[in-house]
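Take a look at the structure set out below.
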Amino acid sequence: MTQARQSNPEPPPKPTLRQLFEFIFAWLFIHALRIFPRRTSRAAGVVIARIAHASLSRLRKVGLRNLELAFPTMSPSERAHILRLEYRNLGWLLAEFCQMSKYTPAFAGRFIRYEGLDHYLAARERGKGVLVLTGHLGAWELSSFYHSLAGYPMGMVIRRLDNPLVDHMVNRVRCLHGNRVLHKDDFARGLLGAMRSGETVGILMDTNMTPPQGLFVPFFGVQACTASGLARVALKTGAAVLPGFLLWEESERQYVLHFYPELALANTGDSEADTADNTARFTAVLEDQIRQYPSQWLWMHRRWKTRPPNEPPIY
């Protein structure tokens, strides 16, 4: 009886010269901002962000267009001010990422505190897994890192970076304290397995999608193609859905990791209708948070790029 040969997986392709240069540049950049004290690094991040705001006109136009859609009655000067503050927020986030590998629980506790941790702990105690509903709001990279630093490692659904060398370097930092990444190109299986094991997974649910992975639901009163996977997994597994955001509180001059009460889900037995209903509910939660902290959302993303049939493009 002959034994079937097992095919060995193909080795990953060798990085291109461009990818090597990109990796070297990213490594040098991250380590340059890492060696400074945190305050100096954040100040440098703001300078870089201001340069980006001034020089990247296409992104600036997208941001202003999004703000016009979301806040039609707001004055142009107010929208421009919000966008400048958002670039400042991104500069801070860039610096925090470069600094994160140095952080200890005691050090990070000087500028980050929890609010609503009891909501998270109660949801976790149910044992059916926790899906953290979040978005590109506040310091999203720092949020899962701090949660793991505090002793609560979690999974993160992310998109692979185009450069595999940079992708590996970034994920190594993200996962220093027990976090793990679930890639979007194969996240469904991993997400279902994580919920069956009672784990926690964070999902950034505020990016443009395309059908059939996305459903059209209102977002700031405009139909937006939105990921439906979170709603489908929650209905299938009974996992708790918990909004969570790490937001800069200007009055306190620190970040606050907010966990809100578990969301009630529509569960009528009509799978497709319930998925659409819950996707709309989750999107409404994101919108409410963005309205409260408008200068901390990623306005430069073309959130309304995918349009319903027969609708003209927005950008």
Could you give the size of the charge dipole of the stretch 140-183 about its Cα centre, using +1 on the Cβ of each K and R and -1 on the Cβ of each D and E, expressed in debye and rounded to the nearest 20?
100 debye
Say the dipole of the chain comes from +1 at the beta carbon of Lys and Arg and -1 at that of Asp and Glu; which of Asn171, Pro211, Thr40 then lies farthest toward its positive end?
Thr40
Okay, helix-only estimate at 222 nm for the chain: each DSSP H run of n ≥ 4 adds -39500 (n - 2.57), divide by all residues, round to 500 deg cm²/dmol; what do you get?
-15500 deg cm²/dmol
Accessible area of Thr73 in the full protein assembly, 1.4 Å probe (Å², nearest 10):
140 Å²
Calculate the dipole size of the stretch 1-125 relative to its Cα centre from +1 charges on Lys and Arg beta carbons and -1 charges on Asp and Glu beta carbons; express the result in debye to the nearest 20.
500 debye
Charge dipole (the chain, unit charges on Cβ, about Cα centre) - positive-most of Ser148, Gly269, Leu20
Leu20
Rounded to whole Å and sorted largest first, list the principal axis extents of the Cα atoms in the stretch 36-134.
46, 37, 19
Cα lying deepest toward the dipole's positive end in the chain, options Gln292, Ser101, Cys225, charges on Cβ
Ser101
Along the stretch 228-237, Karplus-curve 3J(HN,Hα) (6.51, -1.76, 1.60; θ = phi - 60°) to the nearest Hz, with x for Gly and Pro, reads 9, x, 4, 5, 5, 5, 4, 5, 6, 9
What does the highest-first list of 15-22, 204-211, 150-157 look like by mean Cβ count within 10 Å?
150-157, 204-211, 15-22
Can you tell me the Rg and the Dmax, both Å, for the Cα atoms in the chain?
20.4, 79
Find the relative contact order for the chain and round it to a whole percent, using C-alpha pairs within less than 8 Å whose residues are 6+ positions apart.
23 percent
Under 12 Å from the Cα of Lys128, which aspartates and glutamates turn up, not counting those fewer than eight places away in the same chain?
Glu199
Student exercise, the chain dipole from Lys, Arg, Asp, Glu Cβ charges, in Debye to nearest 20:
1060 debye
What lysines sit close enough to Lys305 to cross-link, taking a C-alpha to C-alpha distance under 25 Å and skipping anything fewer than 8 places away on the same chain?
Lys61, Lys184
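The values are calculated or read from the model by the stated rules, or taken from the named source; none is laboratory data. Note that the coordinates shown come from a computational prediction; the quantities given were computed from them, not determined experimentally. With ideal geometry, Cβ positions are generated from the backbone for all residues, glycine too; neighbour counts draw on all protein chains shown. Ligands, DNA and RNA are stripped out before the accessible areas are found, and what is left, the full protein with its side chains, is counted by its heavy atoms. Shrake-Rupley method; radii C 1.70, N 1.55, O 1.52, S 1.80 Å.
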